1. Does residue 97 satisfy the condition of being farther than 25 Å from residue 149 by Cα and touching a Leu at 6+ places or on another chain (Cβ under 8 Å)?
2. Would a scan of region 169-182 turn up a residue that is among the charged types (D, E, K, R), over 27 Å from residue 104 (Cβ atoms) and in the same structural domain as residue 127 (by TED's automatic domain parsing)?
3. Kindly indicate which of 78, 4 is buried (at least 18 other Cβ atoms within 10 Å of the Cβ), out of contact with any helix residue (DSSP H, G or I) (no Cβ under 8 Å at 6 or more places or on another chain) and not aliphatic (A, V, I, L, M).
4. Scan 20, 65, 30 and give me the residue that is of a type in the set (D, E, K, R), over 25 Å from residue 179 (Cα atoms) and in a loop (DSSP other than H, G, I, E, B).
5. Take the residues of region 119-143 that are surrounded by fewer than 19 Cβ atoms within 10 Å (Cβ to Cβ) and among the acidic types (Asp, Glu): which is farthest from residue 217 (Cα to Cα)?
6. Would you call residue 257 buried (at least 19 other Cβ atoms within 10 Å of the Cβ) and at pLDDT below 85?
7. Exactly one condition in (1) more than 18 Å from residue 125 (Cβ to Cβ); (2) without any contact (Cβ under 8 Å) to a residue 40 or more places away in the chain is not met by residue 233; state its number.
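The values are calculated or read from the model by the stated rules, or taken from the named source; none is laboratory data. Bear in mind that the values here come from a model prediction, so they are computed numbers and not experimental data. Positions of Cβ are generated from backbone atoms using ideal geometry, with glycine treated the same way; all protein chains shown enter the neighbour counts.
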Amino acid sequence: MLDQTCTDHECIVIDDASNDDTTEVINSFDDDRLIFLRHEENRGASAARNTGIKHSGGRFIAFLDDDDEWLPNKLEKQVVLLSGSEEKIGMVYCWMDYYDEKRNLVYKHHPTLKGYVFPQVLDDQRLGGCPTLLVKRQVFDKIGSFDESLPRGNDGDFIRRACRRYEVDFVPEVLVKVHVDHGKDRISDQNIEGIQNHINSIIIKLNKFQYELDKLPEQRSNILFDLAHSYAKFGKYSEALYYFMKALKSKQFSKEYFKIFLSNIKSIIILSLKHFVLLYD
């Protein structure tokens, strides 16, 4: 981050109670722009970002996780765009590419959403993660910081709340690289803890944006399909079938979500019926 072509910035590093050599690495740098803060106990990504926001002094705020990488001109490109934007633009994002442990390109995330995109990000956060963003400070003043109570998806929750009030713009260039280490012990949709956290996050989203979702039946159905699919992966087939039927009731939903759920609906119905037979046997 210190090699950015935009040199007029501060770099706030938050150590969330790590047990590695973070302190020694930071102390090895001799740069007045560097500010090092440490949590005495692990509080999670949202708390770390909120600590950084609280101690920042700039007009714009950006975020970088330790497994992601900014290209050297990331800030410069986005600052130019956001500085010349209208008041209604709250943040800008950029494109990002994903690389595996061998630095092979495995996925490209190049969205083109701009303007008022709240309905499009409500069911699925399509802009990308926090490392792609540059946000005006006033956005945090108006909508608050990251929700530390969420089990996961805190960046998506922030983006939805921001997009509910502000418009967005983007730099159509890859300025972020995400390094995916499949060997790391991280929460994912493929393990029990990850699936349960995802289910809890969906339920929170349904409650937090209930007013807007009542007016957006397609987005509501897509979220219910996602919830049903997650329950199916978790092995709770009766709940999966319940939310699948609830999603179908509106008759407005994305074909993509419908196809994903259809891929395992047969097994869900069979296992759900077996479950009910066992209950009444």
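1. For residue 97, the condition - farther than 25 Å from residue 149 by Cα and touching a Leu at 6+ places or on another chain (Cβ under 8 Å) - is met.
2. Scanning region 169-182 turns up at least one residue that is among the charged types (D, E, K, R), over 27 Å from residue 104 (Cβ atoms) and in the same structural domain as residue 127 (by TED's automatic domain parsing).
3. After ruling out the rest, the residue left standing is 78.
4. Of the residues listed, the single one that is of a type in the set (D, E, K, R), over 25 Å from residue 179 (Cα atoms) and in a loop (DSSP other than H, G, I, E, B) is 30.
5. By that ranking, first place goes to 141.
6. Yes; evaluated as a whole, the condition is true for this residue.
7. Against the list (1) more than 18 Å from residue 125 (Cβ to Cβ); (2) without any contact (Cβ under 8 Å) to a residue 40 or more places away in the chain, residue 233 comes up short only on (2).
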